[in-house]
Structure formats: structure tokens, C-alpha cells
Amino acid sequence: MTRWIWLALVLALGGVQLGCEEAAGSNVDSDNDGVPDSEDCDDASPLAWRRVEAYFDFDKDGYGAGTLQAFCTGDNLPANAATVAGDCAPQDATRWRTLEGPGLYYADLDRDGRASSTPSSACVGTDLTGYTQTAGTDCNDSDPKVWELRTLYLDQDGDGVSGGEPSQSCTGNTLPAGASETSQEDCAPLNSSLHQVLSYSFRDADLDGATVPEEGTLCTGSTLPAGYSLTAGARSDCDDTRGDRWQLISEYPDPDRDSVGSGPAEQHCAGSLPEPGYSRLSSDCAPEDGTRWRMESYSWRDADGDGATVAESGQVCIGNSLPKGYFQFSGSFSDCDDTNAAVSVTWNVFADTDNDGVGAGSSVTLCAGTTRPAGYSHVGTDCEPGDASRWTELAFQYRDADLDSFTVATSGFVCTNGTLPPGYTSSPKGTDCDDTRADLNQSLQAYLDEDADGVGAGSPSTFCTNGSLPTGYASSSTDCAPSDALRWRNLAFQHVDADGDGRTTPSSGQLCSGSALPSGYATKATGNDCDDANAALYLWRVLYPDRDGDGVGVPPRAVLCLNDGPVPAGYSIYGFDPDDTKPTIAYPPEDEGLEALLLGE
């Protein structure tokens with residue numbers, strides 16, 4: 001019955017009693033849901049008014065769980081309540097029922113397509129993926145890689161070889177590592193380093209590389225372990241209990257322990273080293289001396305220990321090296337006396353009586369120390385054996401006997417101290433005209449200077465001088481007046497003044513003179529003398545005849561040789577007289593236009 005039907009019934013029943021005040025209090029409906037408060041389980045909510053029993057449905061899948069509970073509700077149950085119980089997964093809305101009943105299901109939870117052989121009672125919903133109604137044989141439904149039970153021989157020690165007792169194993173397409181369906185006969189199932197039995201024919205118990213014959217079998221790995229083999233080693237072991245002994249070898253007593261023995265051989269079982277007190281060498285030349293054991297050849301001796309050797313060959317008993325004084329190679333030089341350490345060097349020298357480092361005479365051979373004996377030299381070319389300041393000859397090409405620094409060409413050799421002495425040289429300087437006098441050294445050519453004007457004349461004469469000519473001679477020969485001291489050279493002239501009026505006329509030539517040309521001769525013009533024979537006439541003048549004597553003449557003009565004095569009578573410097581017959585007319589009439597032009601008006 002819905003809420004509205006209930007409401008209609010209440011109204012119908014209440015309509016007969018409207019106005020009956022005595023029944024009003026029992027029909028109060030506080031939430032106006034049509035159900036009086038006395039019957040309403042929740043009079044504060046118009047959505048709930050009746051009580052029902054249901055189960056809690058936590059995941060709201062329509063299936064509840066647990067015991068019945070009372071709910072105050074309206075027309076519909078609350079979302080978290082259900083009337084059906086039995087939810088096998090109360091917190092999972094996708095599952096609510098258990099696979100049970102006549103229709104059995106078998107799980108394939110690992111999705112390998114093979115179901116379990118045992119029926120499943122899993123909690124499911126509508127999705128039955130992973131379940132089938134056909135029984136399977138999956139022995140492990142949680143691992144898709146395995147599904148079949150097999151009887152296997154396992155590899156318990158992980159050495160890749162199975163063995164031991166068989167057991168049931170859940171497998172797939174491949175067997176577990178090292179497992180097989182047939183036994184591989186692991187001889188040590190619990191030891192990963194051992195799995196097969198191998199035969200051996202030789203032993204090397206001390207692992208020294210030498211073997212002894214011995215046959216047997218051994219549980220081992222892929223190969224025989226060290227100390228077991230099918231073939232003999234490189235050598236037979238004389239003692240397979242000690243790794244330091246494997247060979248029978250001859251050894252010789254070595255009382256001085258220098259590693260070289262002597263005497264008769266003894267057979268010992270030994271290793272790479274001989275027994276203590278024995279050696280495998282038998283050539284000890286000094287059995288009781290540990291510092292010597294072998295004979296060594298030598299070719300040189302240094303008996304006096306001075307470092308110089310003499311040729312001597314033989315043999316000596318030694319240790320690591322030849323003893324002092326014995327050598328296979330020569331020293332730095334041969335000893336001239338191997339009985340005296342103070343002398344060792346053979347010197348071929350020359351007597352040096354003046355001790356200048358250079359000897360003379362025939363060479364002598366001396367046996368001495370490492371330094372040259374005093375009073376001797378390795379050089380025998382002393383040109384002055386009694387003079388310590390001179391010992392070597394040097395060539396010269398020039399001499400200056402008077403030491404005036406001027407030389408003469410003459411060559412030879414002179415005994416020196418390594419430097420040419422004064423007066424000898426290889427380079428010329430001038431040519432000495434008299435090498436016996438220091439005041440005469442230069443040969444000069446000169447000319448007789450009769451008038452003592454410093455310039456000579458005539459044929460030359462040669463003098464041996466000190467650089468200065470003798471009195472009365474000059475170095476030049478150009479005196480044009482040998483007997484006149486005032487004249488000695490020819491000077492050129494281009495102008496002359498014959499009348500002495502101070503004005504020249506062109507004329508060239510040469511004149512024997514002194515320091516300058518004489519008066520009347522010059523290299524530059526002074527004026528232009530029109531008559532050089534008359535001192536009163538020297539100037540060319542242009543004049544006009546003046547017949548009327550008024551000071552102004554008329555053409556034609558006349559050019560006269562005069563001076564710069566007054567114009568002679570009958571002439572004028574002007575030539576524009578309009579009428580030279582009338583002295584009163586000397587100037588032409590005025591031309592006003594010409595005058596204005598000239599005056600710039």
C-alpha cells in the first residue's frame with residue numbers, strides 16, 4: 001500500500017469526526033506524510049513512516065549479509081538494505097553468490113586454458129570468466145606456465161645432472177632446470193661440483209706436475225680433478241708425497257755454500273733446487289772458499305793498481321767477477337812499468353830548457369806519471385831554446401826596420417812568442433823610401449819653384465822625405481810665370497776695360513795671373529763700353545738733330561758713342577719738334593681728347 005492510499009484512508013476516516021475536538025490529539029501528523037505521529041516511525045521525515053526488516057547491503061549490489069535489521073523507511077527500502085541475504089562478498093558489488101549446487105564450476109584462474117580438477121566454491125557475480133563447467137587437470141591454477149603432474153628425477157644440487165629418488169612435479173611445456181623423466185645417475189645428487197664417475201690411471205698427489213701410476217674411479221665433475229689423469233705427466237715423480245721433490249738427479253757436495261759443488265756425484269730425489277749443502281754444478285775451483293768457484297780467463301794485468309794495464313793472459317779462480325788487477329779488456333792506456341804505481345804513461349817528449357812550453361832537439365821516451373814530466377814538452381819546434389819569450393816561427397811579408405810605421409816589401413820568418421814583433425807585419429802600410437831612417441819614409445815628386453810662389457815648373461824631381469817637400473820645390477808644375485812670384489796660374493776672362501774708364505766690352509781669353517785677374521780684366525760685364533780705346537766715350541745715346549736749337553729735335557734719330565754728360569750742341573733727347581726751323585715752336589698744339597685720355601678724365 002502506497003503512501004497516498006494510506007493518506008486517503010486517513011482522510012476518509014477522519015472526515016466523519018471533523019469537529020470532534022476530543023479525538024484531535026491522537027491524529028497529529030508532524031511531518032505531513034499522511035501517517036499520524038503515533039504510527040509514524042520517523043515523524044520528523046516525510047520520507048520515512050514505516051518499519052521493515054532487512055539485511056545490510058554495504059556494496060549496494062541488491063544482496064545483504066549478516067542478521068536481519070530494522071529499518072524506518074517509506075515506500076522503498078534504503079539503498080544500503082536488501083531483503084535477500086547471503087552476499088559472499090559484502091564489500092564488492094561485482095560478486096555476491098557462491099558457485100555451488102548441481103551445476104558445478106571449475107576454476108581456470110591462471111587463464112592457461114586448463115581448469116582445476118576440483119569444483120570451485122568461489123564467490124562470483126554475473127561474470128564467470130575464468131570458470132568452466134568442465135573439469136580439468138591443472139595441478140597449479142595460480143601459475144599459467146605449469147599444469148601437468150609428472151614423475152621426475154630432479155637436479156637438487158643445480159649441476160645440470162639429475163639423479164636420486166623420483167618425485168611428483170607440476171610442470172608445463174618445459175621441465176624444471178636439470179630435471180628429467182629418466183635418471184641421469186648423478187653420483188652426488190646433493191653436491192653441485194660432482195655428478196659422474198670417471199676412471200683415472202695416474203696420480204699426482206703432491207700436485208708438483210710429476211705423476212705415478214695408479215688406477216681407480218672417482219665421482220667428479222665434467223673432468224678429473226687436479227692430481228688425477230688418464231695419461232702420464234711430463235715426468236715421473238720420485239716422491240709423490242712432497243711437491244718440492246719429483247726428480248732423481250745427480251748433486252755434488254757444496255761445503256762452502258757458493259752454489260757450485262765438487263767431488264763425486266750423489267743421487268737425490270729433489271725438485272727445482274738442490275738439497276741444502278749440495279749443488280748440481282761440479283766445477284768449484286775453490287771448494288772451501290765461498291767467494292770463489294769458477295775459472296775465468298784474463299788478458300790484461302794491473303799489478304801495481306794504477307789503472308794502466310799490460311798485456312798478460314791466463315786463468316784465475318774467481319767468484320762473480322775477476323779480482324782486482326785482472327781484466328779481459330785493456331785499460332784506458334798501457335802501463336810502461338806495472339811494478340811502480342807512480343809511473344804508467346809512456347811519454348815521447350822534447351827537452352824544454354827555457355820552460356816556455358815548447359821543446360827542441362830530438363825526442364826522448366820517458367816512463368812517467370799521468371802528467372807530462374817537468375822540463376819537457378810534447379812539441380819540439382822551439383826556434384830559440386834558450387829564450388823563454390820566443391818559441392815559434394811566424395811568416396812576415398813586410399818590414400818596418402826604422403819603426404816609423406811605413407813598410408817595405410820583404411818576406412821571411414822570425415822567431416816569436418806567437419805574435420809578430422814590432423817591425424814585422426803581414427799587411428802593408430805605405431812604402432818606406434828609406435827603412436834605415438825613421439825621419440824619412442815618403443817618396444814625393446816635386447817641381448822647382450824658382451819664384452817661391454808655391455807653384456813650380458819644369459821637369460819633376462823625386463825626394464825621400466818625412467812628408468814635407470824641401471824648400472824651393474812645389475808639388476804642382478803649373479806656374480805660368482816661373483820667375484814672377486805674383487803670377488803663377490792662368491785665369492779666364494770674358495770682359496776687358498782697355499781704357500780704364502770702369503766700363504767693359506766683351507772679350508774672352510786667359511791671362512797668367514796671381515790670386516785674381518789684374519785690373520782691366522773681368523769675368524762679369526760692367527756696363528757696355530761703346531769705345532774701349534777712349535776713356536771719355538763709353539755710352540751709346542739716341543739723339544735727334546735740333547737745327548733751331550730750341551731743345552727739341554726731329555727725326556731721323558742718331559745713335560752716338562758719348563758719355564753721360566750734357567747733350568752736344570745741335571742734338572736733343574726729344575724728337576717731336578713740329579717745326580725745327582722755328583725756335584719758338586718746340587711743342588705740338590694741344591690735343592684735348594688725347595690729353596683727357598692720358599689723364600684718365
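Taking the criterion of being among the hydroxyl-bearing types (Ser, Thr, Tyr) and within 30 Å of ARG203 (Cβ to Cβ), would at least one residue in the range 272-295 satisfy it? Before the answer, list the steps.
Step one: filter the range 272-295 for residues among the hydroxyl-bearing types (Ser, Thr, Tyr), giving 272, 278-279, 282-283, 291.
If we keep only those that are within 30 Å of ARG203 (Cβ to Cβ) as well, we get 272, 278.
So far as the range 272-295 goes, yes, one or more of its residues are among the hydroxyl-bearing types (Ser, Thr, Tyr) and within 30 Å of ARG203 (Cβ to Cβ).
Just for the range 92-109: of the residues that are open to solvent by less than 60 Å² (accessible area, probe 1.4 Å), in contact (Cβ under 8 Å) with a residue 12 or more places away in the chain and not in a strand (DSSP E or B), which one is farthest from GLU39 (Cα to Cα)? Step through it out loud before you land on a result.
So in the range 92-109, the residues open to solvent by less than 60 Å² (accessible area, probe 1.4 Å) come out as 92-93, 96, 98-99, 101, 103, 105-108.
Right, trim to in contact (Cβ under 8 Å) with a residue 12 or more places away in the chain and you get 92-93, 96, 98-99, 103, 105-108.
Right, trim to not in a strand (DSSP E or B) and you get 92-93, 96, 99, 103, 105, 108.
Working: ASP92: 37, ALA93: 35, TRP96: 36, LEU99: 44, GLY103: 48, TYR105: 50, ASP108: 55 Å.
The qualifying residue farthest from GLU39 (Cα to Cα) is ASP108.
Examine the range 315-338 for a residue that is of a type in the set (A, V, I, L, M, F, W, C), more than 30 Å from GLU288 (Cβ to Cβ), out of contact with any Asp or Glu (no Cβ under 6 Å at 6 or more places or on another chain) and at pLDDT below 90, and state whether such a residue exists. Show your work before the answer.
Here is the first cut: in the range 315-338, the residues of a type in the set (A, V, I, L, M, F, W, C) are 316-318, 322, 327, 329, 333, 336.
Narrowing the set further to residues that are more than 30 Å from GLU288 (Cβ to Cβ) leaves 329, 333, 336.
Among the residues that remain, those that are also out of contact with any Asp or Glu (no Cβ under 6 Å at 6 or more places or on another chain) are: 329, 333, 336.
Checking the rest, the ones that are also at pLDDT below 90 come to 333.
Yes: one or more hits.
For a quick check of your reading: which strands (runs of 3 or more DSSP E) sit entirely within the range 227-321 and have at least 1 residues that are closer than 30 Å to PHE333 by Cβ and touching a residue at least 24 places away in the same chain (Cβ under 8 Å)? Explain how you work it out, then say what you get.
Values: elements: 247-253, 266-270, 294-301, 310-318.
Fully inside the range 227-321 and qualifying: 294-301, 310-318.
Answer yes or no as to whether SER192 is more than 29 Å from GLY113 (Cβ to Cβ), in contact with a Ser or Thr (Cβ under 6 Å, 6 or more places away or on another chain), modelled with pLDDT of 75 or more and open to solvent by 50 Å² or more (accessible area, probe 1.4 Å). So that I can check it myself, show each step before the final result.
On the way: more than 29 Å from GLY113 (Cβ to Cβ): yes; in contact with a Ser or Thr (Cβ under 6 Å, 6 or more places away or on another chain): no; modelled with pLDDT of 75 or more: yes; open to solvent by 50 Å² or more (accessible area, probe 1.4 Å): yes.
Judged against the criteria, SER192 is not a match.
Of all the residues that make up the range 286-314, how many are in contact with a strand residue (DSSP E or B) (Cβ under 7 Å, 6 or more places away or on another chain) and either open to solvent by less than 40 Å² (accessible area, probe 1.4 Å) or closer than 30 Å to ALA342 by Cβ (or both)? So that I can check it myself, show each step before the final result.
In the first step, residues of the range 286-314 are kept if they are in contact with a strand residue (DSSP E or B) (Cβ under 7 Å, 6 or more places away or on another chain); the result is 286, 292, 294-302, 308-314.
Remaining after also requiring either open to solvent by less than 40 Å² (accessible area, probe 1.4 Å) or closer than 30 Å to ALA342 by Cβ (or both): 286, 296-302, 308-314.
Of the residues in the range 286-314, 15 are in contact with a strand residue (DSSP E or B) (Cβ under 7 Å, 6 or more places away or on another chain) and either open to solvent by less than 40 Å² (accessible area, probe 1.4 Å) or closer than 30 Å to ALA342 by Cβ (or both).
Listed residues PRO264, PRO255, PRO274, PRO225; which is within 60 Å of the chain's Cα centre (by Cα), modelled with pLDDT of 85 or more and either surrounded by 15 or more Cβ atoms within 10 Å (Cβ to Cβ) or closer than 30 Å to MET295 by Cβ (or both)? Even if it seems obvious, please write down each step before you answer.
Details: PRO264 fails: within 60 Å of the chain's Cα centre (by Cα); PRO255 fails: within 60 Å of the chain's Cα centre (by Cα); PRO225 fails: either surrounded by 15 or more Cβ atoms within 10 Å (Cβ to Cβ) or closer than 30 Å to MET295 by Cβ (or both).
Testing whether each residue is within 60 Å of the chain's Cα centre (by Cα), modelled with pLDDT of 85 or more and either surrounded by 15 or more Cβ atoms within 10 Å (Cβ to Cβ) or closer than 30 Å to MET295 by Cβ (or both) leaves just PRO274.
Of the residues that sit in the range 442-473 and are of a type in the set (A, V, I, L, M, F, W, C) and in contact with a Phe, Trp or Tyr (Cβ under 8 Å, 6 or more places away or on another chain), which one is surrounded by the most Cβ atoms within 10 Å (Cβ to Cβ)?
Let us first name the residues in the range 442-473 that are of a type in the set (A, V, I, L, M, F, W, C), namely 444, 446, 448, 452, 455, 457, 463-464, 469.
If we keep only those that are in contact with a Phe, Trp or Tyr (Cβ under 8 Å, 6 or more places away or on another chain) as well, we get 444, 446, 448, 455, 457, 463, 469.
Numbers: LEU444: 18, ALA446: 19, LEU448: 17, VAL455: 21, ALA457: 19, PHE463: 15, LEU469: 17.
Per the criteria, the residue is VAL455.
Exactly one condition in (1) of a type in the set (Gly, Ala, Ser); (2) open to solvent by less than 60 Å² (accessible area, probe 1.4 Å); (3) within 30 Å of TRP246 (Cβ to Cβ) is not met by SER167; state its number.
(3)
If ARG547 meets every condition in (1) assigned to a loop (DSSP other than H, G, I, E, B); (2) modelled with pLDDT of 90 or more; (3) over 30 Å from VAL567 (Cβ atoms) apart from one, which number is that one?
(3)
Exactly one condition in (1) in a strand (DSSP E or B); (2) surrounded by 12 or more Cβ atoms within 10 Å (Cβ to Cβ) is false for SER476; which is it?
(1)
Name the single residue, out of those in the range 198-222 being of a type in the set (Ser, Thr, Tyr) and part of a strand (DSSP E or B), that is most open to solvent (accessible area, probe 1.4 Å). Walk me through it before giving the result.
Quick first cut of the range 198-222, residues of a type in the set (Ser, Thr, Tyr) only: 199-201, 211, 217, 220, 222.
With part of a strand (DSSP E or B) added as a condition, the list becomes 199-201, 211, 217, 220.
Values: SER199: 68, TYR200: 26, SER201: 34, THR211: 17, THR217: 93, THR220: 7 Å².
Applying the filter and picking the extreme gives THR217.
To keep it simple, each residue is scored yes or no on (1) open to solvent by 30 Å² or more (accessible area, probe 1.4 Å); (2) closer than 21 Å to ASN466 by Cα; (3) modelled with pLDDT under 95; (4) basic (Lys, Arg).
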residue: THR365; (1), (2), (3), (4): yes, no, yes, no
residue: ALA368; (1), (2), (3), (4): no, no, yes, no
residue: THR371; (1), (2), (3), (4): yes, no, yes, no
residue: LYS429; (1), (2), (3), (4): yes, yes, yes, yes
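Per-residue answers, yes or no, for (1) outside any loop (DSSP other than H, G, I, E, B); (2) among the acidic types (Asp, Glu):
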| position | (1), (2) |
| --- | --- |
| PRO36 | no, no |
| ASP40 | no, yes |
| ALA48 | no, no |
| TYR63 | no, no |
| LEU68 | yes, no |
| VAL84 | no, no |
| ALA89 | no, no |
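Quick check on this structure: which one of ASP204, ASP186, ASP237 is more than 60 Å from the chain's Cα centre (by Cα), closer than 23 Å to LEU149 by Cβ and among the acidic types (Asp, Glu)? So that I can check it myself, show each step before the final result.
Values: ASP204 fails: closer than 23 Å to LEU149 by Cβ; ASP237 fails: closer than 23 Å to LEU149 by Cβ.
Only one candidate qualifies: ASP186.
Considering only residues that are polar (S, T, N, Q), part of a loop (DSSP other than H, G, I, E, B) and farther than 30 Å from ASP59 by Cα, which ones fall in the range 124-158? Give the steps one after another, and end with the answer.
The initial filter retains those residues of the range 124-158 that are polar (S, T, N, Q), namely 126, 129, 132-134, 137, 140, 142, 151, 156.
From what is left, the residues that are part of a loop (DSSP other than H, G, I, E, B) are 126, 129, 133-134, 137, 140, 142, 156.
Scanning the range 124-158 gives THR134, THR137, ASN140, GLN156.
Would you point out which residue out of ALA115, ALA89, ALA79 is more than 60 Å from the chain's Cα centre (by Cα) and open to solvent by 40 Å² or more (accessible area, probe 1.4 Å)? Write out each step before concluding.
Details: ALA115 fails: open to solvent by 40 Å² or more (accessible area, probe 1.4 Å); ALA89 fails: open to solvent by 40 Å² or more (accessible area, probe 1.4 Å).
Result: ALA79 is the single residue among ALA115, ALA89, ALA79 that is more than 60 Å from the chain's Cα centre (by Cα) and open to solvent by 40 Å² or more (accessible area, probe 1.4 Å).
Would you check which residues across the range 459-487 are modelled with pLDDT of 90 or more and at positive phi and list them?
Result: GLY472, single match.
Of (1) surrounded by fewer than 16 Cβ atoms within 10 Å (Cβ to Cβ); (2) within 30 Å of GLY570 (Cα to Cα), CYS530 satisfies all except one. Which?
(1)
The values are calculated or read from the model by the stated rules, or taken from the named source; none is laboratory data. Everything numeric in this text was worked out from a predicted model, so none of it was measured. Because the Cβ atoms are built from the backbone with ideal geometry, glycine has one as well, and the counts that use them run over all protein chains shown. Keep in mind that these areas ignore ligands, DNA and RNA; they rest on the heavy atoms of the full protein, side chains included. Shrake-Rupley method; radii C 1.70, N 1.55, O 1.52, S 1.80 Å.
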